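Below you'll find the structure, written out as structure tokens, and then a few comments.
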Amino acid sequence: MTTHPIDMSLHPDVQAFFDEATNTISYIVKDPSSNACAIVDSVMDIDYAAGRITYDHADAMIAAVREQGLDLQWIIETHVHADHLSAAPYIQQQLGGKIGVGAKILVVQDTFGKIFNEGTEFQRDGSQFDRLFEDGDTYMIGNMPAFAIYTPGHTPACMTHVMGDAAFVGDTLFMPDGGSARADFPGGDAGTLYDSIQKVLALPDEMRLFMCHDYAPNGREILWETTVGEEKAQNIHVGGGKTREEFIKFRTERDATLDMPRLIIPSLQVNMRAGEVPKDKDGRPMLKVPINGL
């Protein structure tokens with residue numbers, strides 16, 4: 001991993017937007033010294049049974065950016081989500097900004113391009129995105145440096161994005177009482193996920209960590225912010241010095257009991273295209289359902 005000096009004195013303002021339908025938390029992250037901001041892990045609403053897409057969640061974020069006079073520079077995807085649809089192109093159309101994802105999106109596009117029997121018109125080169133991040137790549141949000149850490153295991157394209165004293169971990173980690181994400185999707189791997197989590201836990205103890213999901217275990221309120229120190233001490237899957245072997249055994253056994261996410265079929269088709277809904281030969285938005293393909 002390429003290491004970068006971390007400026008813990010840089011304290012970006014982080015606004016969270018919780019989507020109840022998918023238990024996703026999206027973020028507006030503002031540079032403390034300018035009006036520049038980034039949006040992390042946006043959500044496009046779908047009524048899958050009705051085949052209807054709407055934009056209430058994204059509209060709330062767009063309204064907040066406009067009301068505060070912010071300049072949206074980046075629309076970051078921590079990974080290709082399997083449980084919600086990205087609103088990145090819709091937000092970009094309204095506010096501008098560059099859409100960025102991990103460079104291993106090419107692996108995801110190749111894997112799921114085959115599963116969904118996509119034709120040659122589906123480009124598998126990541127060209128649907130404006131920026132493909134390699135491990136250690138840096139970028140600027142106004143005056144605030146940010147960088148990406150490659151943290152695969154949940155998916156092959158997962159990245160953690162560090163912005164000042166805040167890190168956005170995607171599905172690599174959950175809150176301490178939630179543990180970690182599954183590693184049984186195509187391209188996932190429990191041992192790789194453990195190694196990636198160790199990269200996150202190597203950040204300064206005071207680093208704020210922001211989750212992409214929370215499922216309120218044991219009926220507590222929804223939470224999305226913790227610290228590296230709290231995760232190291234208390235995370236039920238990896239905290240307290242749990243070994244790689246212990247984690248792999250637990251994660252593998254646990255994943256075998258989990259159902260597929262409710263929205264995995266539409267999510268993958270849309271998100272591997274940077275949030276664009278695929279179209280049929282007549283140009284109409286259309287989703288496929290591969291039978292026994294996942």
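Each value in this text was obtained by applying a stated rule to the coordinates, not by laboratory testing. Just so it is clear, the structure is predicted and the values come from calculations on it, not from any experiment. Cβ coordinates were reconstructed from backbone atoms using ideal geometry, including for glycine residues, and neighbour counts include every protein chain displayed.
Estimated at 0.36 nm per residue, the fully extended path between ASP255 and ASP59 surpasses their Cα-Cα distance by 67.1 nm. Database remark: amide H of ILE46 closer than 5 angstrom to the amide H of THR54 (H placed geometrically; neighbours at sequence offset of 5 or more, or on other chains; Pro and chain starts carry no H). Residue exposure proxy: HIS79, HIS237, HIS161, ordered by other Cβ atoms within 10 angstrom of their Cβ from fewest to most, comes out as HIS237, HIS79, HIS161.
Within the same chain, aspartates and glutamates fewer than 8 places from LYS281 are excluded, and of the rest, those with a Cα less than 14 Å from its Cα are GLU118, GLU121. For the chain, a Gaussian network of Cα nodes joined below 10 Å ranks GLY69, GLY191, GLY178 by mean-square fluctuation, and the top entry is GLY69. Annotation: lysines with alpha-carbon distance below 19 angstrom to LYS288 (same-chain offsets under eight excluded): LYS114, LYS279. Straight-distance candidates among the lysines for linking to LYS199, with alpha-carbon spacing under 21 Å and chain neighbours fewer than 8 residues away dropped: LYS104, LYS232, LYS242, LYS249. Take every DSSP beta bridge whose two residues both sit in region 22-102; close to 50 percent of them are antiparallel.
Quote the relative contact order of region 13-259 in percent (integer), defining contacts as alpha-carbon pairs under 8 Å separated by 6+ residues. It rounds to 15 percent for region 13-259.
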